[in-house]
1. Assigning unit charges at the beta carbon (Lys, Arg +1; Asp, Glu -1) and nothing else, what dipole magnitude in debye, to the nearest 20, does the chain show about its Cα centre?
2. Using just the helices of the chain, give the 222 nm mean residue ellipticity in deg cm²/dmol: DSSP H runs with n ≥ 4 each add -39,500 (n - 2.57), and the total is spread over all residues, rounded to 500.
3. Keeping every protein chain present and rolling a 1.4 Å probe, give me the accessible area per residue for the chain in Å².
4. Given the options Ala230, Ala28, Ala61, state which has the largest fluctuation in a GNM of the chain using a 10 Å cut-off (strictly under) for Cα springs.
5. What residues qualify as long-range amide H neighbours of Asp170, i.e. H under 5 Å apart, gap of 5 or more or another chain, H built at 1.01 Å from N?
6. Could you bin all the Cα-Cα distances of the chain into 10 Å bins starting at 0 and give me the percent of pairs in each, rounded to whole numbers?
7. Relative to the longest principal axis of the chain, what angle (0 to 90°, nearest 10) does the C-alpha long axis of helix 2-19 take?
8. So what's the convex hull volume per residue for the Cα atoms of segment 33-130, in Å³?
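The values are calculated or read from the model by the stated rules, or taken from the named source; none is laboratory data. On a predicted model such as this, the values are computed, not experimentally measured, just so you know. Positions of Cβ are backbone-derived with ideal geometry, glycine not excepted, and every protein chain shown enters the neighbour counts. Heads up: the accessible areas ignore ligands, DNA and RNA and are worked out on the full protein's heavy atoms, side chains in. Shrake-Rupley method; radii C 1.70, N 1.55, O 1.52, S 1.80 Å.
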Amino acid sequence: MIRFVVGLVLLALSAGLHAGGLDGDAKALERVEAMLVTIGGREVWAKARSLYTVERARHPAYGDGIEASFWRNLEEPGEYAHLIHTELDVNYGWNTEGGWISRNGELRDFTKDEMTERRFYWDREVYTLYHQLAKGERKLTVRSVEPNGFYVLDDKGEKIGIFRLTADGDLYLWEQIGGDDPVAYVYGPHKDFGRVSFPDWGTATDGGWGFYYIQVRPSPKHFSANVDIAKPVKEWSGGAIRREKWRE
């Protein structure tokens, strides 16, 4: 009986997703809703305009111990990041107008090709899709795939990602589709991060980037209210985030 009631609730919620602009078959819509419930609820992710995450990461070139902080714009292309390690200190920031990167004190602008690539992959980013699937404003379609997964298609009908879930809605595999450098991640069991539940860890299936989440904080504030991505005008000294303004 409980399973039947839960099924009815998910059907009702998935109908709401359809009404909000997201199209797809019934199974796929149910699975989207189950995933959104698991990560904190559709309302939280629909209202989230920006996202702050901190990871303890490793990369084959540097080993363990990388501290990686990201501030992501969920409404339009844009990001700020700071990656620090005993052998690495990288900051970069970009939006629709352009961007820059500082690597161990050497500062340069992103090239036109780099900016095109970043905008292209922003549309396919897992965090962007969490927000867009929850809000339902972007013309997206979802199609079920077994076992317990769904594809996401853009307004041109092209596949841009695939989500595979456990039976209770936890994401365990996400694959970005399209472009010359697609990625896929396997995720561990979920745990609480305040208002949201997120995987404890993730690792790229190509053996590259692997990480543990330390913080996951969606914010209803606009990206620009939380972080300043202005290009440094002198030697970089850090401190781009407006910590006093961050609001969950």
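1. For the chain, the charge dipole is close to 740 debye.
2. -7500 deg cm²/dmol
3. Using a 1.4 Å probe on heavy atoms only, each residue of the chain averages 50 Å².
4. Greatest mean-square fluctuation among the candidates belongs to Ala61.
5. Close amide H contacts, sequence-distant or interchain: none at all.
6. Pairs per bin, as whole percents: 7, 29, 38, 19, 6, 1, 0.
7. Approximately 60 degrees, to the nearest ten.
8. About 113 Å³ per residue, rounded to a whole number.
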